[in-house]
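One structure below.
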Amino acid sequence: MRQQEKTVLDLFNRRKVSRRDFLQFCAFMAAAIGLESTAVPQIAAALETKPRPPVIWLHFQECTGCSESFLRTSHPILADVIFDLISLDYHETLQAAAGLQAEEAKLKAMTENKGKYILCVEGSIPAGENGQYCTIGGKPATKLLAEAAKDCAAVIAWGSCAANGGLPAANPNPTGAKTVDQLVKGKPVINVPGCPPIAEVMAGVIVHYLTFDKLPELDFAGRPKAFYDHRIHDKCNRRAYYDAGMFAEKFDDEGAKQGWCLYKLGCKGPTTFNSCSTIRWNNGTSYPIQSGHPCIGCSEENFWDNGPFYTHLADMPGMKIGWNADQIGLAATAVTVGGIAVHTAATTVIKGKEKKSEQKGGNG
């Protein structure tokens with residue numbers, strides 16, 4: 001980091017980002033983290049004056065998908081500056097240093113920023129066999145996590161592997177994979193699940209921390225409420241078809257082609273809390289359900305073990321007690337048939353009256 005580029009605004013200025021674009025970025029972030037437009041000046045002031053928080057980013061049992069998501073956000077401003085929100089002092093995938101040099105850089109960053117740095121963790125931590133399933137520099141992941149968490153200000157668990165175990169912790173969990181909050185105690189931990197999380201969600205968490213000097217309000221699972229307070233089902237673009245009892249039965253049937261609800265094809269949107277249907281992916285373009293694939297519930301605990309991905313739930317929370325998706329479809333059909341019958345009967349009565357009226361008029 002250049003000495004004169006201590007704040008996010010310094011970097012914006014070097015990149016010749018206009019004041020207007022800077023404020024648009026602040027407005028976008030305010031909306032993303034669920035704040036009113038009146039919070040935009042507060043976010044702007046924080047980015048203008050506060051130093052970028054130092055970050056130590058560790059990788060354990062994962063696929064690096066969370067980092068890839070963070071890198072590949074397509075928002076026109078975020079794409080250029082998302083990593084400038086933080087002072088990334090250690091990241092095994094992105095850093096130029098390697099081996100002893102890299103480990104020395106990490107230790108230096110942790111020592112110089114004692115009590116101030118954010119620890120980001122990507123991947124679950126294998127605790128089986130004394131942590132020997134994952135070692136870096138000869139040290140087990142469990143020890144590396146404990147060392148890095150000791151003097152950090154807060155811990156962010158990026159992605160489902162770090163937040164809820166993900167694939168590594170799926171049954172039978174051969175490595176004894178643990179989540180971050182199972183191992184880190186005495187430090188604030190924020191879970192940002194998803195496989196991977198949405199890049200704008202990741203940025204929003206950091207902007208909130210920069211602006212308010214604290215982590216955002218969390219739900220029962222330690223997730224930021226601003227992004228995980230609503231079910232995907234609540235704002236799904238296919239919700240109207242669900243309510244009408246119109247479900248695709250196969251991926252290539254006419255219902256699927258017409259954009260009908262994917263619930264019967266295994267969609268977990270009704271039981272999954274995430275921002276996919278609001279923030280969406282690829283600059284707000286789409287998300288899995290909109291693109292034709294059912295939600296697999298990746299931001300929920302044990303999602304790999306919560307039944308086959310393409311088998312729908314027997315019952316859906318929020319339905320009429322005792323009703324399931326199949327019964328809703330039948331009920332909707334019955335209502336339609338009943339409606340047709342009523343319409344036919346009414347039409348017959350009306351035409352009968354009209355005929356009698358015509359006959360009466362003719363006799364007169």
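FYI, it's all coordinate maths here, none of it is from the lab. All of these numbers come straight from a predicted model, not from anything done at the bench. Don't worry about glycine lacking a Cβ; one is built from the backbone with ideal geometry, like all the others, and counts go over all protein chains shown.
Per 0.36 nm of contour for each residue apart, how much would the distance between Ser291 and Asn13 grow if the chain were fully extended, relative to their Cα-Cα spacing?
Values: separation 278, 0.36 × 278 = 100.08 nm, distance 3.79 nm.
Gain in length upon complete extension: 96.3 nm.
For the stretch 8-228, max minus min Cα coordinate along each principal axis, in Å, sorted largest first?
Principal extents (Cα only, largest first): 54, 38, 31 Å.
7 Å from Cα along Cα→Cβ at both Asp219 and Ala244: what's the point-to-point distance in nm?
If labels sit at Asp219 and Ala244, their model points lie 2.8 nm apart.
Rounded, prolate or oblate, given the Cα gyration tensor of the stretch 170-209, with a/c below 1.5 counting as rounded?
Values: a/c = 5.39, a/b = 1.52, b/c = 3.54.
Taking the square roots of the gyration eigenvalues as a ≥ b ≥ c, the stretch 170-209 is oblate.
Once label points are set 7 Å from the Cα along Cα→Cβ at both Ala97 and Lys185, what is their separation, rounded to one decimal in nm?
Each label point lies 7 Å from its Cα, and together they span 3.2 nm.
Could you calculate the FRET efficiency of Gln24 with Asp234 from 1/(1 + (r/R0)^6), where r is the beta carbon distance between them and R0 is 25 Å, rounded to 0.05? Please list the in-between numbers first.
Values: r = 27 Å, r/R0 = 1.10.
That pair, Gln24 with Asp234, gives E of 0.35.
Pairs of Cα atoms under 8 Å, at least six residues apart: use those to get the relative contact order of the stretch 153-278, whole percent. Spell out each step's value before the answer.
Working: 178 pairs, mean separation 25.1, N = 126.
Worked out over the stretch 153-278, it gives 20 percent.
Among 158-169, 121-132, 260-271, 213-224, how do they line up by average Cβ neighbours within 10 Å per residue, starting with the highest? Walk me through the numbers before you get to the answer.
Numbers: 158-169: 26.8, 121-132: 21.8, 260-271: 24.2, 213-224: 16.0.
Taking the mean over residues of other Cβ atoms within 10 Å, the ranking is 158-169, 260-271, 121-132, 213-224.
Pulled fully out, how much extra length does the chain show between Asn171 and Thr64, if you take 0.36 nm times their separation in residues and subtract their Cα-Cα distance?
Details: separation 107, 0.36 × 107 = 38.52 nm, distance 2.15 nm.
Working it through step by step, the gained length comes to 36.4 nm.
From the cross-link list Lys178/Lys225; Lys16/Lys214; Lys178/Lys214; Lys114/Lys150; Lys150/Lys187, which pairs have alpha carbons spaced over 20 Å apart?
Long pairs (Cα-Cα over 20 Å): Lys178/Lys225; Lys16/Lys214; Lys178/Lys214.
Compute the signed sum of charges (Lys and Arg +1, Asp and Glu -1) over the other residues within less than 9 Å, Cβ to Cβ, of Trp158.
On the way: positive: none; negative: Glu62, Glu122.
Neighbourhood net charge equals -2.
How much FRET efficiency would the formula 1/(1 + (r/R0)^6) give for Asn283 and Asn130, where r is the Cβ-Cβ distance and R0 is 30 Å, rounded to 0.05?
My answer for the efficiency is 0.10.
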